[in-house]
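Q: Have a look at the structure that comes next, please.
No value in this document is a laboratory result; all are computed from the given coordinates. Everything numeric in this text was worked out from a predicted model, so none of it was measured. Every residue, glycine as well, gets a Cβ built from its backbone with ideal geometry; the counts of neighbours run over all protein chains shown.
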């Protein structure tokens, strides 16, 4: 990044830092001056921005008997959200009530020339300190998730592989190679791996819940959760699955269990989710799909020459600090070889082993996706997708980035 680009980014963070300080200074005046209608409009704005959730909005309105207490509760909740939340509240106050904004933040009403001078002063400050180690440490700290030598020793990951099903027709040949590859990769990244094989949906739920109680979660800087099985939209199939007797685990449960309500130890820490499972059975006649078995699919032909089989799935996550890599785009398949495992896992291992010492997780996933531009079979196409990343900072797997 150029010095000019760094300067712009620095100014962006300075503005956020100032917003956090400003909102603290005007707490008493905000409580006194804000009207109840404006207060309700601000709550609606912050709910729409997803800074507040329904429960927090209800708490402000229902747990306080008067306007002053509501205002006090709102500003305290927003302050706990950090600098981003403070900046959002200030912006909405300006939009909803310019007079109130001018009274709370008179310095922001300067002439354009004064504002421009402040910007130039901040950029000059950055230029003067850009090579100062202390300054750089602080500047990078506010952009990345914290990783330390201590947290590296407490890393933990969950790996679940379903290969052998009660119905022999559902056996996932090649899954054992994926398990071996992921196990070796996670260990090389210094994660202690909690490994499970051939679980029912009930046992998947139990394993995930037990994982949220792992003693290392308090000190870890991040977690990986990798699940490989058959599946369909929004569901992972347990090993007892049958057409007339489903054995299904909801994917949304992963985010529920790893979210702040169920696992506060992982709050504000990256949670990396990788799931290899189908979302449907829309495949060609030479493909075997990791999907719910339909009557038609139950009469499918044997695996094609070369041992290629297919996996695909799509899901949605809701909690903060998640990043997920889907095996393919919606309604398409992803492939694995019976002798070497899925292309997705192979490419993840190759990219991470090569670049994890210097690239953040988002860039690593992009490079994995890039590998699929040159797919080994020109008649088959697959493109993994990153789904609704909610990381608010960069996550580097190793300190010293």
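Q: Once R0 is set to 45 Å, what does the formula 1/(1 + (r/R0)^6) return for the Cβ-Cβ distance between residue 267 and residue 102, expressed as a FRET efficiency to the nearest 0.05?
A: So, using R0 = 45 Å, E works out to roughly 0.80.
Q: Gain in length, residue 91 to residue 79, computed as 0.36 nm per residue apart minus the alpha-carbon separation, to one decimal in nm?
A: 2.9 nm
Q: Continuing with this model, one more query. Roughly what would the spin-label model give for residue 143 and residue 370, points 7 Å off Cα along C-beta, in nm?
A: Inter-label distance under the simple model: 1.9 nm.
Q: Given a Förster distance of 41 angstrom, what is the FRET efficiency for residue 362 paired with residue 35, based on the Cβ-Cβ distance and rounded to 0.05?
A: 0.45
Q: Also: Could I have the simple spin-label model distance between residue 150 and residue 68, label points 7 Å from Cα toward Cβ, reported in nm to one decimal?
A: Label at residue 150, label at residue 68, 4.3 nm between them.
Q: Using 7 Å Cα-to-Cβ label points, what is the residue 245/residue 171 separation (nm, one decimal)?
A: 2.1 nm
Q: How far, in nm, would the chain grow between residue 387 and residue 320 when pulled straight, counting 0.36 nm per residue and subtracting the alpha carbon separation?
A: 22.8 nm
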